[in-house]
Amino acid sequence: MQPDARDPEPGSDAPHSPARQLAELEAEVARLRAALHARAVIDQAVGVILALGRMTPAEAWDVLREVSMRTDIPVQQVARMLVDHPRTGPIPQPVRGELERQLIARREEAAPQPAPARPPAE
């Protein structure tokens, strides 16, 4: 019986060869490790914002996301700036300014509103 020309050679990079599957699994592991590391940095940045703004984790995540969107800088990069700034120096102005605006806005939203004035008693 003659070998079929379509059959891959053992050890080749055919779609279902063990070598190809191993390479795909190694690439997936690398992507998952990178995502896990990125998530850890984001969680640390949420903690920084949480402490600065005295807010819930969900509110801190919203602030991080808003800063990212309004500065057009990816969330992971904004998070890295917040986490690394004690070691690397000041947070760049666009991020620092937007973070301050977001924190002030959240404080104003959370501040108790004065009670409406009562009409004078007659």
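Here are the numbers for this structure:
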| item | result |
| --- | --- |
| Check on Leu36, closer than 18 Å to Ile104 by Cβ and either out of contact with any strand residue (DSSP E or B) (no Cβ under 7 Å at 6 or more places or on another chain) or at pLDDT below 90 (or both) | no |
| Neighbours by Cβ (under 6 Å, 6+ apart or cross-chain): first from the range 51-67, of a type in the set (D, E, K, R); second open to solvent by less than 60 Å² (accessible area, probe 1.4 Å) | Glu66/Gln102 |
| Candidates Arg107, Arg70, Arg118, filtered to the one that is basic (Lys, Arg) and surrounded by 14 or more Cβ atoms within 10 Å (Cβ to Cβ) | Arg70 |
| Check on Gln21, among the polar types (S, T, N, Q) and either under 18 Å from the mean Cα position of the chain (by Cα) or at pLDDT below 90 (or both) | no |
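Condition check ((1) under 11 Å from the mean Cα position of the chain (by Cα); (2) at pLDDT below 95; (3) under 17 Å from His37 (Cβ atoms)) across all residues:
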position	(1), (2), (3)
Pro57	no, yes, no
Leu64	yes, no, yes
Leu82	no, no, yes
Val95	no, no, no
Glu100	no, no, no
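The values are calculated or read from the model by the stated rules, or taken from the named source; none is laboratory data. Keep in mind it's a predicted model, so treat the numbers as computed, not measured. A quick note on method: Cβ atoms are made from the backbone with ideal geometry, for glycine too, and the neighbour counts reach across all protein chains shown. Side chains are part of the model used for accessible areas, which takes the heavy atoms of the whole protein and leaves out ligands, DNA and RNA. Shrake-Rupley method; radii C 1.70, N 1.55, O 1.52, S 1.80 Å.
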